[in-house]
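Notes follow once the structure below has been shown.
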Amino acid sequence: QVQLVESGGGLVQAGGSLRLACAASGRTFSSYFIGWFRQAPGKERELLGTISTGGGNTDYADSVKGRFTISRDNAKNTVYLQMNSLKPEDTAVYSCAARWYSGRDYVYWGQGTQVTVSS
């Protein structure tokens, strides 16, 4: 089992940067793909990107491609989301989630952290 806790959210001005962390507990963290999601008020949850078990493979949604970067440090049981050139439309609750490397659905979720981008 994996427990996930996000941190690093807050208020930032448009054009600024923020780094979120997803800290995990559990012995099998390195066996999971980690996805970053966000959900804005009145909007459906959006998958922002995914990082593979070893961190060697990432993919991103078009809405954040070129601005956001996902990385992981399995020794620290932590995955990061570096967000640059933030826009007001990036305002949302950001969550990380884990899925087994051979699975297709995310089964463990963090509580989320609020990111607010002011114009």
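Yes or no: R45 farther than 12 Å from S95 by Cβ and among the basic types (K, R)? When the stated conditions are applied, R45 does not pass them.
Residues that are under 17 Å from V117 (Cβ atoms), open to solvent by less than 40 Å² (accessible area, probe 1.4 Å) and of a type outside the set (D, E, K, R): which strands (runs of 3 or more DSSP E) entirely in the stretch 1-98 hold 1 or more of them? Give the derivation first.
Numbers: elements: 3-7, 10-13, 18-25, 32-39, 46-51, 58-60, 68-73, 78-83.
Because the criterion is at least 1 residues that are under 17 Å from V117 (Cβ atoms), open to solvent by less than 40 Å² (accessible area, probe 1.4 Å) and of a type outside the set (D, E, K, R), the strands (runs of 3 or more DSSP E) in the stretch 1-98 that meet it are 10-13, 18-25, 32-39, 46-51, 68-73, 78-83.
The values are calculated or read from the model by the stated rules, or taken from the named source; none is laboratory data. These figures come from a predicted structure and were not determined experimentally. Neighbour counts are summed over all protein chains in view; Cβ atoms, including those assigned to glycine, are modelled from backbone coordinates with ideal geometry. Just so you know, the surface numbers come from the protein's heavy atoms only, side chains and all, with ligands and any DNA or RNA stripped out. Shrake-Rupley method; radii C 1.70, N 1.55, O 1.52, S 1.80 Å.
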